[in-house]
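Trainee: This is the structure I have questions about; it appears just below.
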Amino acid sequence: MRSDLLQLPAIRARLDRFRTQALASGVPAEEIARWTAAARPCLTLTPDGDGPVVARLGGPALVPPRSPGLPHPRYHHVVTVDLAALPREPDMLSLPAGGRLLLFAAYSDGDGVAVGSALHVPSGSPLVERVRDTSRDHPGYAWAGLDALLLESRRALRVTYDVSLPDNETLYDATEHPGAHGLRHVWRTLRTRAHEGAYLRIGGYSDDPYGEGDILTLSGEAADRAAGRDPRPVDPWEPPRSADWALLAQWKGLTGGNVYWLIRREDAAGARLDRAACTGFSEEEDMLS
């Protein structure tokens with residue numbers, strides 16, 4: 001994907017490091033060029049980012065008293081994003097220009113996955129403080145201490161322009177990209193060094209520790225089937241389409257795993273953020289350690 005954002009010095013430097021290390025590992029230059037053609041810009045939000053504060057973890061969730069998109073009573077308030085403070089670029093996921101994006105999630109012990117929702121609160125909306133219904137937490141609920149951890153951290157998140165590359169087997173044809181294994185290994189190493197702590201990513205590709213089935217693709221296809229729509233496979237080497245599923249946000253931190261909020265591009269552009277789907281999983285047995 002060609003993008004002016006990929007020419008930003010910090011992003012160019014990161015892609016240059018990727019090319020240098022991939023060449024050193026023996027991947028031909030032509031294969032590296034084909035792979036980086038699928039690069040997509042994204043935003044990474046961390047406490048030590050180099051941009052302005054655009055979000056804050058946890059704390060009280062201020063929501064409209066009446067809204068069709070209000071979260072399930074047991075969902076935890078994960079983060080509030082100030083949409084007016086987010087950089088707006090043509091090649092980024094199109095989001096409302098104002099108001100706030102609230103992300104909610106909970107752990108479904110029976111299924112072993114995360115569930116959740118998103119909510120857009122327009123500027124000027126009347127607001128009330130939402131209190132999570134803890135009476136629905138059964139003994140041994142895996143995320144029982146999450147609210148306290150979020151409230152304790154209550155950390156401001158700063159935004160950094162970033163870049164992502166495909167890192168799941170279902171996103172490419174191995175016969176067309178024989179060097180994919182080596183390319184993905186190099187990218188994972190660089191990504192781990194760049195984001196050792198917790199982060200929230202907006203846009204770009206999803207990633208996970210396994211790199212087999214792409215979370216974004218699989219969850220989007222499941223949501224399409226549930227809605228009676230034909231799934232639309234995503235090709236990283238083709239321009240995104242309005243009906244494609246996109247990564248609204250990926251959160252890594254505090255739960256011992258990743259939580260993903262996914263949305264169709266046309267719904268994001270139309271401020272229908274309550275149509276987002278959510279999934280996630282834990283990589284650690286003691287999730288909130």
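Trainee: Hey, any hits in the stretch 229-240 for a residue that's assigned to a loop (DSSP other than H, G, I, E, B) and under 15 Å from the mean Cα position of the chain (by Cα)? Quick ask: steps written out before the conclusion?
Mentor: As a first pass, look at the stretch 229-240 and keep what is assigned to a loop (DSSP other than H, G, I, E, B): 229-240.
Within this subset, residues satisfying the condition of being under 15 Å from the mean Cα position of the chain (by Cα) are none.
No, there is no match, as no residue in the stretch 229-240 is assigned to a loop (DSSP other than H, G, I, E, B) and under 15 Å from the mean Cα position of the chain (by Cα).
Trainee: Give me the residue from the stretch 254-271 that is outside any strand (DSSP E or B) and touching a residue at least 60 places away in the same chain (Cβ under 8 Å) and, out of that set, surrounded by the most Cβ atoms within 10 Å (Cβ to Cβ).
Mentor: Step one: of the stretch 254-271, the residues outside any strand (DSSP E or B) are 254-256, 265-271.
Add one more test, that the residue is touching a residue at least 60 places away in the same chain (Cβ under 8 Å), and what stays is 254-255, 265, 268-269, 271.
On the way: L254: 22, T255: 25, R265: 17, A268: 23, A269: 14, A271: 16.
The selected residue is T255.
Trainee: Please determine whether any residue of the stretch 177-187 is free of Cβ contacts under 8 Å to residues at least 60 places away in the same chain and closer than 27 Å to R19 by Cβ.
Mentor: Checked the stretch 177-187: at least one residue is free of Cβ contacts under 8 Å to residues at least 60 places away in the same chain and closer than 27 Å to R19 by Cβ.
Trainee: For the stretch 18-39, which positions are out of contact with any helix residue (DSSP H, G or I) (no Cβ under 6 Å at 6 or more places or on another chain) and open to solvent by 70 Å² or more (accessible area, probe 1.4 Å)?
Mentor: Residues satisfying the conditions are T20, L23, A24, E30, R34.
Trainee: Among the residues of the stretch 47-58, write down those that are touching a Leu at 6+ places or on another chain (Cβ under 8 Å), modelled with pLDDT under 95 and either of a type in the set (A, V, I, L, M, F, W, C) or open to solvent by less than 20 Å² (accessible area, probe 1.4 Å) (or both).
Mentor: G49, L57, G58
Trainee: Every residue in the stretch 118-156 that is buried (at least 19 other Cβ atoms within 10 Å of the Cβ) and either over 16 Å from T80 (Cβ atoms) or in contact with a Gly (Cβ under 7 Å, 6 or more places away or on another chain) (or both), please.
Mentor: L119, H120, V121, A142, W143, L150
Trainee: Considering only the stretch 193-217, state which residues are open to solvent by 90 Å² or more (accessible area, probe 1.4 Å) and in a helix (DSSP H, G or I). Don't jump to the end; show me each part of the working.
Mentor: First pass over the stretch 193-217, keeping only residues open to solvent by 90 Å² or more (accessible area, probe 1.4 Å): 193, 196, 210, 212.
Passing the criteria: only R193.
The values are calculated or read from the model by the stated rules, or taken from the named source; none is laboratory data. This structure is a prediction, so every number in the text was calculated from the model and none was measured. Note that each Cβ is placed from the backbone with ideal geometry, even for glycine, and that neighbours are counted across all protein chains shown. Side chains included, ligands, DNA and RNA excluded: accessible areas come from the protein's heavy atoms. Shrake-Rupley method; radii C 1.70, N 1.55, O 1.52, S 1.80 Å.
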